[in-house]
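To start, the structure under review is shown below, and the notes come after it.
The values are calculated or read from the model by the stated rules, or taken from the named source; none is laboratory data. Note that the structure is predicted; figures quoted are calculated from it, not measured. Cβ coordinates were reconstructed from backbone atoms using ideal geometry, including for glycine residues, and neighbour counts include every protein chain displayed. Note: accessible area is taken over every heavy atom of the protein model, side chains too, but ligands, DNA and RNA are not part of it. Shrake-Rupley method; radii C 1.70, N 1.55, O 1.52, S 1.80 Å.
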Amino acid sequence: MLSPTDILTVLALSAGIAGAYSLITSIQSFRHNLAIARASGLNYVCRPIFEYNYFYVVIQPLVSLLIELVPASWDPTGYLDFYRKDWRMHCKFAKHAQLGNVYWNVSPRYLMLEIGDADALDEITKRRLDFVKPQWVFENVRLFGENILEAEGEAWRRHRKVIGPRFNEELNQMVWSHAAQLTAQMFPAWTTRSPADNAYSPGKVSEEMQGLGRLALYIIVGAAFGVSIPFSQESVKLSPDVTAAISFAESLHLTISNLITCMIFPNWLLHLGTASTRKLARATDEVRAYMRSELLSEAATLQSEAEAQTLTRHGVVTGLAAAMVPDAAKPAHNQIKFQEAMGNIFLMGLAGSATTADTTHFALVLLALHQDAQDWVLEELDEVMADLGEDAEKWDYKAIFPRLTRIRAVMSETLRLYPVSPVLPKWTADRAQTLHYAGKPLHLPAGTVTVLSFPAVQYNPQYWGADAGEFRPQRWESSGAVVGGVPEGAFAPFSKGARSCLGKRFSESEFVSVLGSVLRRHRVELQVGEGETVQGVQERARSALAGAKTYLTLYVGDDVPLVWKKR
C-alpha cells in the first residue's frame, strides 16, 4: 500500500510528465506553424500562447493591465499591443499598415491569419462551407441550447429555414412603433435632470446608456413574445402577462451581464455560493422557466391552428413553437427541437438587447462632438416633419423610414468606426483551403483560423481615404452606398454572405426610430461642467471613444455627460 508521500510523489511526477509533454507539443506545433508562415512569403508576428486559449482569455485583463505599466520607450515596435485586451479595435489599421493587409499570427496549436483586406474578407464570408465558425469560440451563446449563430452545416440550414421568415417587415413595423412609444416615455428624464446630477464620474454608466439598454431589452422581449412593456411602470396598472415579462426581462439582463460566469460555473454551484451568485442562479432559472412556459403554451395552442406558420400575437416565439409542433407532412428542415428553440430565443435577447443600444449611444456621443454632422441630420429630419408631422409616435414606418436616409447614414458611419463585434473568427476546420490575396493563391492548411478584423478593413485608408478615422456620415449616399464606392468587403458590420445578420433591418428600425424621436425637437451637446472647458470636455469624450471596451459587444469606454437643448 502506497504511503501519502508515495502518492504525492506519483501525482507530482504525473503532473511533471504532463507539463513536459504539453510544452514539447506546443514547441513542435509552434515551429510547424512558423515554417508555414515563413514559406508563404507574408509577414508574421509570433506569440507564445494561442489567443483563444481558455486560460489566456481568463488572465488577459490582468495581462493588459500590466502592459499599461510598461513605458512606451521599452516597446518601440509596439509588439506588446498584441497582448492588450481588444487590441484589434484599439490598433484599428495600424498593425496592418506595418505588416500588410493580410499577415500571420503564429502561436502554438493554431495558426491564425489576420484579415484586413476587403477582397479576402468578402471571399471568406461568401465561402460559407469552406470557412466555418469555430464552435469552441461561440460556446458562451449556447447556454440554453444550440442556435443559429453557432450552428453549421445542415443544422444551420434548418435554423435559418425556421427563423429567417420571422424577421420580416411586420416585425420591423412593430419594432419601429414600440421604439417610438418607449422613447417618448424615456426621453423627458434626459431633458429635465440637473447639471449636478449629470456631472462627469469616471466609469459611470450614463443615464442615456441605461435608458437605451432598457429600451432595447423591452423591444426584444416584445418582438419575441408579443408583450408590450411600458418604459414608465410606476403609474400604470400592469396585467399579469406584462408583469411576468418585466420580471423575465430583468432576469435576462442579469444573466447576459454575467454570461461568462454562467458558462464557467454550473447553476447548482451558483446556488451554493454568495448572495450575488445565488441571485444570478435564480435569474437564470427564471429565464429558462419563462421561455419554456411560453414555448410550450404557444405550441399547445398551435396544435389546433390551421395557420401555424404565421407571425401572431406572440411574435417570433410563435414561429419557433410552430416549428416544434409535430407534423408528419412537415419536412425535417422545417422543424426545430425544443432546446434549439430555447437557444434561439436566448440568442435574440443576447444579440438584440445590447447591440443597437450601444450603437445608438456611440452615435449620440459622436453627434454631440460633431455639430456639423448633427446639423446635416436635422436638416433632413425637419423636411420630413414638415411633410408628415412632428409626433414620432404617429409616424408611419413605411412612409418615414425610407426618407430618413441621413440618420441611417449616421448608423452606418457609427458602425464603421465602432463595430458591435470588432472581430469574427472563422476557420478551415479539417480541410486545407486556398484563399486569394493580392492576385495570388494563398494556401491555408487545415485548422487555420482566419480572423476577420472589421476595424482593420473599415479604417483602411486604401478604401476609405485619408479621413478613414474621422466621423463623416456625409460620405454615405441616400441609397446606402458610399460616395465614390468601396470594395464589397470594406464594410461588414452585420457580416456578409449567407451568414449575415438576420436582425439587420430590425436593428435599423430601432435605431432610426429612437434617433428620430429624440432629435425632432432637441439637439444633443456635450455637457460642460463647472470649472471645465469646451476643449477639455471634447478631449475627454474622444478619449472615451478611443477607449471603447468589449464585453460581448463594444461599448463607450467611459462616462460622457450629454445635455439636451430645445431647438
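Please go through the range 87-120 and pick out each residue that is touching a strand residue (DSSP E or B) at 6+ places or on another chain (Cβ under 6 Å), within 26 Å of S64 (Cβ to Cβ) and in a helix (DSSP H, G or I).
R88
The C-beta contact set for the range 106-117 (first residue among the hydroxyl-bearing types (S, T, Y), second residue open to solvent by 10 Å² or more (accessible area, probe 1.4 Å), distance under 6 angstrom, 6+ apart or interchain) comprises S107/F50; Y110/F50. Quickly run through the range 433-474 and pick out the residues that are more than 17 Å from A118 (Cα to Cα) and part of a helix (DSSP H, G or I). Across the range 433-474, the qualifying residues are P473, Q474. Criterion applied to R416, R408 was being open to solvent by less than 10 Å² (accessible area, probe 1.4 Å), assigned to a helix (DSSP H, G or I), basic (K, R) and farther than 28 Å from V317 by Cβ, and the one residue passing it is R416.
Taking the condition of being open to solvent by less than 60 Å² (accessible area, probe 1.4 Å) and either touching a Ser or Thr at 6+ places or on another chain (Cβ under 6 Å) or in a loop (DSSP other than H, G, I, E, B) (or both), how many residues in the range 71-83 meet it?
Going through the range 71-83 one residue at a time, the tally reaches 3.
Here the range 52-62 is the region considered, the condition is being closer than 21 Å to V106 by Cβ and surrounded by fewer than 15 Cβ atoms within 10 Å (Cβ to Cβ), and the residue that is nearest to the chain's Cα centre (by Cα) is V57.
If you go through the range 14-28 and keep only what is at pLDDT 75 or above, over 21 Å from R47 (Cβ atoms) and aliphatic (A, V, I, L, M), you end up with I17, A20. Taken over the range 383-409, the residue count meeting the criterion of being more than 19 Å from L364 (Cβ to Cβ) and among the basic types (K, R) is 3. Restricting attention to the range 121-136, the residues that are surrounded by fewer than 22 Cβ atoms within 10 Å (Cβ to Cβ) and hydrophobic (A, V, I, L, M, F, W, C) add up to 3. Scanning the range 130-163 for residues that are in contact with a Leu (Cβ under 7 Å, 6 or more places away or on another chain) and without any contact (Cβ under 8 Å) to a residue 60 or more places away in the chain yields one hit, F138.
Let me confirm something: among P441, P461, which residue is open to solvent by 40 Å² or more (accessible area, probe 1.4 Å), on the phi < 0 side of the Ramachandran plot and touching a residue at least 12 places away in the same chain (Cβ under 8 Å)? Break it down into steps so the answer makes sense when it comes.
Working: P441 fails: touching a residue at least 12 places away in the same chain (Cβ under 8 Å).
Only one candidate passes the filter, namely P461.
In the range 545-567 there is at least one residue matching the filter, namely being at positive phi and either at pLDDT below 95 or open to solvent by less than 10 Å² (accessible area, probe 1.4 Å) (or both).
For beta carbons closer than 7 Å, sequence separation of 6+ or different chains, a first residue in the range 474-488 that is at pLDDT below 80 and a second that is of a type in the set (K, R), the qualifying pairs are G480/R408; V483/R475.
In the set L424, L415, L452, only one residue is out of contact with any Lys or Arg (no Cβ under 7 Å at 6 or more places or on another chain), modelled with pLDDT of 95 or more and within 24 Å of G100 (Cα to Cα); that residue is L415. Inclusion of K204 among residues that are open to solvent by 20 Å² or more (accessible area, probe 1.4 Å) and in contact with a helix residue (DSSP H, G or I) (Cβ under 7 Å, 6 or more places away or on another chain) is not warranted. Within the range 164-194, the residues that satisfy the criterion of being over 30 Å from L149 (Cβ atoms) and open to solvent by 20 Å² or more (accessible area, probe 1.4 Å) are A184, Q185, F187, P188, A189, T191, T192, R193, S194.
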